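What follows is a single structure, written as structure tokens, with notes after it.
The values are calculated or read from the model by the stated rules, or taken from the named source; none is laboratory data. Since this is a predicted model, take the numbers as computed values, not measurements. No Cβ is skipped: glycine too gets one built from the backbone with ideal geometry, and neighbour counts run over all protein chains shown.
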Amino acid sequence: MRLWHRPQPAGFLVGWRGKLGFAERRVAKAAPPGEFAALREEMVEQQIRRRGIHSPRVLEAMRTVPRHEFVPVALRDEAYEDRPLPIGEGQTISQPYMVASMAAALDLRGDERLLEVGAGCGYQAAILGSLAAEVFAVEVRSSLALAARERLKRLGFSNVRVLCGDGTLGLAERAPFDAILVTAAAPLVPDPLLEQLAEGGRLAIPVGSEECQELRLIHKAGGQLTSRVVEECRFVPLVGKYGWPELSSR
């Protein structure tokens, strides 16, 4: 049965192969057993697996990455709840289900070069870093970019690089990308991201109005693009040249 996710207050993100690879083994070391281990396990079972996400690699990443390390200290006790949480600068860390859903939609094997647009606190980048070979995460807000970079380095995610800049332009010097994930709502799919998508690549992006969007998965094959809707969602607006003009000009 398809699960309907009701919109949250404005400014909130609504969430929504085999053996462990090198990245997953490294991430597991970053999340030793402790007071949050049981909460992570409950999160995976109740919020993710029971809602239809069964990828072993995605479930293991969600089980091992310490989500409480990516939220403000005052909110750590709420880190594994079924909702997004504020991280400052009017941004949020996405609902756990949405983080997992977007990662699962990309169907990562472990050898991909991946671009994330909208690094935020770095949590989604950490999940992606445990599923792909190399992740470039671009964040337009310098304070969030710096904090995410330091946090990911401290937790041992050596295959994730955080850069500050306009992610809607992509990262031409590192293109093409096998997968691209956009973690904010766009009015349209940015042309540079489509151009930087490798043959056979996948792009996941929320597209729609500022109040309600569809998570779309775009696939490039034979030079042609195909698109399908994964589910309805609600994200904070995308800022940048190919984002919402009235926000990007501020």
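Take the conditions of a type in the set (D, E, K, R) and more than 18 Å from residue 113 (Cβ to Cβ) and apply them to residue 228. Does it pass? Working first, answer last.
Working: of a type in the set (D, E, K, R): yes; more than 18 Å from residue 113 (Cβ to Cβ): yes.
Judged against the criteria, residue 228 is a match.
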Pair list, Cβ under 8 Å, 6 or more apart: segment 228-244 residue in a loop (DSSP other than H, G, I, E, B) and surrounded by fewer than 18 Cβ atoms within 10 Å (Cβ to Cβ), other residue modelled with pLDDT under 95 and hydroxyl-bearing (Ser, Thr, Tyr): 241/248
Some residue of segment 69-81 being out of contact with any Cys (no Cβ under 9 Å at 6 or more places or on another chain) and within 23 Å of residue 204 (Cα to Cα): no
Odd one out for residue 48, checked against (1) over 30 Å from residue 175 (Cα atoms); (2) surrounded by fewer than 23 Cβ atoms within 10 Å (Cβ to Cβ); (3) touching a Leu at 6+ places or on another chain (Cβ under 9 Å); (4) among the hydrophobic types (A, V, I, L, M, F, W, C): (2)
The one condition in (1) in contact with an Asp or Glu (Cβ under 6 Å, 6 or more places away or on another chain); (2) buried (at least 20 other Cβ atoms within 10 Å of the Cβ); (3) within 20 Å of residue 112 (Cα to Cα) that residue 215 fails to fulfil: (3)
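Could you identify the single residue in 125, 132, 103 that is in contact with a helix residue (DSSP H, G or I) (Cβ under 6 Å, 6 or more places away or on another chain) and either hydrophobic (A, V, I, L, M, F, W, C) or buried (at least 24 other Cβ atoms within 10 Å of the Cβ) (or both)?
On the way: 125 fails: in contact with a helix residue (DSSP H, G or I) (Cβ under 6 Å, 6 or more places away or on another chain); 132 fails: in contact with a helix residue (DSSP H, G or I) (Cβ under 6 Å, 6 or more places away or on another chain).
Criteria check complete, one pass: 103.
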Segment 167-210, residues that are crowded, with 18+ Cβ neighbours inside 10 Å and charged (D, E, K, R): 178, 202
Residue within segment 40-52 that is basic (Lys, Arg) and modelled with pLDDT under 95 present: no
